[in-house]
Amino acid sequence: MPHRRTIAVFPGQFDPITLGHVDVIRRGVQMFDEVIVGVGINPEKRELFTLKERVAMIREILSDIPGARVEQYVGLTVDFTKRMKATVLLRGIRDASDLRYEFHMAQVNRAVGNVETCFMMTGAQYALMTSSLIRQIMSLGGNVKLLDEMLPPIVIDRLAVKQRAGKMENLTEGDAPAT
């Protein structure tokens, strides 16, 4: 029986992409024939980077990872997954609250789109950082250089440019407050 290619979609806003995301992608390509990083828009959150900027940055960051590719999309993740001929959604889990939310979404995605979800625990060193928290830190004048253990170098460089240009205000409106 011939080998059937298994394609996984790793969807998210990735605004910005973190080393935790990159860790999941690197590990995902070891499990699946291809991991498509689906960069989408979350209408409930303010964007730091445009969709075009995020896609370009992520392509550069993942350029050395065979089996990973980056595509942008608008709309439902299950529709994008079907267009990509993928059968699996790859989701990173940081903690129990992530699991609760992602479990619910996995049930919906299976019921609505007949798409399975594979959960992967993030590396312990990345479990506390979220893109929303990074946007909040930056909007409040945080030092981008202090985030070097959480973000790829290109993201740090691009954040510094935006911070110098004064483009960090009101990024957290619609995001959950930091604790």
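Quick note: the coordinates plus some simple rules give every number you see, no bench work behind them. As the structure is a computational prediction, the values presented were derived from the model and not from experiment. Cβ placement follows ideal geometry from the backbone for every residue including glycine, while neighbour counts extend to all protein chains displayed.
The angle separating the long axis of helix 153-164 from the principal Cα axis of greatest extent in the chain is about 40 degrees. In percent, rounded to a whole number, the relative contact order of the chain is 28, using alpha-carbon pairs under 8 Å and six or more apart.
Name the GluC sites (Glu not before Pro) in the range 116-169 that are in a loop by DSSP and that have at most 16 other C-beta atoms within 10 Å, would you? In loop regions of the range 116-169 (DSSP not H, G, I, E or B), the sparsely surrounded GluC sites (Glu not before Pro) are Glu149, Glu169.
For the range 48-68 versus the range 113-137, the spacing of their alpha-carbon centroids is 17 Å. Build a GNM of the chain with springs between Cα atoms under 10 Å apart, and of Pro16, Pro153, Pro43 the one that fluctuates most is Pro43. Here's how it looks for Gln72: its modeled amide H is under 5 Å from those of Val39, which are all 5 or more places away or on a different chain. Take 48-57, 105-114 and order them by the average number of nearby Cβ atoms within 10 Å per residue, most first; the result is 48-57, 105-114.
At q = 0.14, 0.17, 0.19 Å⁻¹ the log10 of I(q)/I(0) for the chain amounts to -0.76, -1.12, -1.39, computed by Debye summation with a single uniform scatterer per C-alpha, solvent ignored. When the label point is put 7 Å from the Cα of Glu116 along its Cα-to-beta-carbon vector, which residues of the range 46-90 have a backbone N closer than 15 Å? 86-90, by backbone N distance to the label point. Take the Cα of Met105, step 7 Å toward its Cβ, do the same at Ala124, and the gap between the two points is 2.6 nm. Placing R0 at 22 angstrom, the Cβ-Cβ distance between Glu149 and Arg59 gives a FRET efficiency of 0.45 after rounding to 0.05. Close amide H contacts of Ala127 (hydrogens built in the peptide plane, cut-off under 5 Å, sequence separation of 5 or more or a different chain): none are found.
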